[in-house]
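J.: Just passing along the structure, written as structure tokens.
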Amino acid sequence: MDASTLRDALIDAHGGRERWRRVAAIEAALSSGGLAFASKGQGRALEGLRIRVEPHARRVTLHDFGGEGGRGVWTPARVALHDAGGTLLEERADPRAAMGRPMKRLAWDRLDILYFAGYALWNYLSFPFLLDEPGVALDAATCVADDGTPRLDARFDDRLPTHSREQSFHLDASLALRRHDYTADVIGGWARAANLALASERVDGLRFYTRRRVLPRLPGLAAPLPGPVLVRIEIDDLRVDWRPADGGVAHPA
């Protein structure tokens, strides 16, 4: 099986392109933390939130971010924080460039963690349909991991907000995601990670990964280190909002 055929089979196994095109937004409860966030001074910034991910619009909203009633809004070009009344408190254009400043290696502010969470959630909840986006090139030569299971290697260009240009997706025999390897460039070029998909849920025919643990990965080693846990991600109460189809039906068959 070549890379394009494997990608197509992967997409079909997660609900198919036609169903994905009908998605307006994905809503859920999120709790996330770990050493990566704590080391930046943002250890509890992503606990106990409601999220709304609009995959085709590339927009993510974090409700109760920064305090009860607060709202953080991510787009690739801008992040913004609003209070419970909707007043704009802070905003930042070109937030990824701002995270390249030397002081960001030591600590993040609320807009930094908002940017990281926004693009990461957009990537994770858009998998595997993300691999269909313009700007993603699949490595045609690598479709099988060392243990014989399917694997897709992809290169992302600058059009896509993501962890790093080169990423690998390890699958099981049923084409469920087992592990996602990347470097978290906004943390540092040393931040090689293995993002383990531990549980998933089907909602209206689409498959989403609801429990993840991110572990460090060293060059030259096939398996990640056993710890520490850099990031844990827990997603619950998933719901999909659908775009109306022709004739006004707002839910897929």
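The values are calculated or read from the model by the stated rules, or taken from the named source; none is laboratory data. Not measured: the values here are computed from a predicted model. Ideal geometry is used to build each Cβ from the backbone, glycine not excepted, and the neighbour counts take in all protein chains shown. Surface accessibility is based on the protein's heavy atoms, side chains included, excluding ligands, DNA and RNA. Shrake-Rupley method; radii C 1.70, N 1.55, O 1.52, S 1.80 Å.
J.: List the relative contact order of the chain as a percent without decimals, with contacts defined as Cα pairs under 8 Å and 6+ residues apart.
T.: About 20 percent, as a whole number.
J.: Treat each spin label as a single point 7 Å out from the Cα along the C-beta direction, and report the residue 56 to residue 137 distance in nm.
T.: Placing both labels 7 Å along Cα→Cβ, they lie 2.8 nm apart.
J.: Now for a separate question. Share of the chain's accessible area from carbon and sulfur, percent, 1.4 Å?
T.: 52 percent
J.: What is the dipole size for the chain, taken about its Cα centre, with +1 at each Lys and Arg Cβ and -1 at each Asp and Glu Cβ, in debye to the nearest 20?
T.: Working: 35 positive and 34 negative charges, 92 e Å.
Approximately 440 debye in magnitude.
J.: Continuing with the same structure: Search the structure for amide H atoms under 5 Å from the amide H of residue 178, placed 1.01 Å from N in the peptide plane, and list their residues when 5 or more places away or on another chain.
T.: When sequence neighbours closer than 5 places are left aside, the close amide H contacts are 170, 171, 172.
J.: Also: Using the heavy atoms of the protein chains alone and a 1.4 angstrom probe, what is the accessible area of the chain per residue in square angstrom?
T.: On the way: 11190 Å² over 253 residues.
So the chain comes to 44 Å² accessible per residue, rounded to a whole number.
J.: Sticking with this structure for a sec: Full-extension gain between residue 185 and residue 63, please, as 0.36 nm times their residue separation minus the C-alpha to C-alpha distance.
T.: 41.3 nm is the gain from fully extending residue 185 to residue 63.
J.: Tell me, what HN-Hα J-couplings in whole Hz come from the Karplus equation 6.51 cos²θ - 1.76 cosθ + 1.60 at θ = phi - 60° for each residue of the stretch 44-59, using x for Gly and Pro?
T.: 10, 5, 10, 8, x, 10, 9, 10, 9, 10, 9, x, 6, 7, 6, 9
J.: Sort 151-159, 107-115, 19-27, 219-227 for me by packing, meaning the mean count of neighbouring Cβ atoms within 10 Å per residue, highest on top.
T.: By packing density, highest mean first, the sequence is 107-115, 19-27, 151-159, 219-227.
J.: On to the next question. Output the peptides 52-60, 94-102, 186-194, 72-80 sorted from most to least packed, where packing is the average of other Cβ atoms within 10 Å over each peptide's residues.
T.: Numbers: 52-60: 18.4, 94-102: 13.6, 186-194: 16.8, 72-80: 20.3.
Per-residue Cβ counts within 10 Å, averaged per peptide and sorted highest first, yield 72-80, 52-60, 186-194, 94-102.
J.: Something else: By how many nm would the segment from residue 18 to residue 218 grow when fully extended, if each residue of separation counts as 0.36 nm and the alpha-carbon distance is taken off?
T.: So the chain would gain 68.1 nm between residue 18 and residue 218.
J.: To the nearest 0.05, how large is the calculated FRET efficiency for residue 98 and residue 166 if R₀ is 22 Å and r is the Cβ-Cβ distance?
T.: 0.40
J.: Also, quick follow-up: Give the Cα extents of the chain along the principal axes, in whole Å, largest first.
T.: So the extents along the principal axes, rounded to whole Å, are 54, 51, 29.
J.: Continuing with this model, one more query. Can you tell me the FRET efficiency between residue 88 and residue 29 if r is taken as the Cβ-Cβ distance and R0 is 35 Å, rounded to the nearest 0.05? Please list the in-between numbers first.
T.: Values: r = 25 Å, r/R0 = 0.72.
E(calc), rounded to 0.05, equals 0.90.
J.: Give the residue from 183, 131, 24 lying farthest towards the positive end of the charge dipole for the chain; charges sit on Cβ (+1 for Lys and Arg, -1 for Asp and Glu) and the dipole is referred to the Cα centre.
T.: Most positive-ward Cα: 183.
J.: Can I ask one more? For residue 4, what is the net charge nearby, where nearby means another residue's Cβ is under 12 Å from its Cβ and Lys, Arg count +1, Asp, Glu -1?
T.: In short, -3.
J.: Continuing with the same structure: Solvent-accessible area of residue 180, probe 1.4 Å, all protein chains present, reported in Å² to the nearest ten, please.
T.: My reading of the accessible area for residue 180 is about 10 Å².
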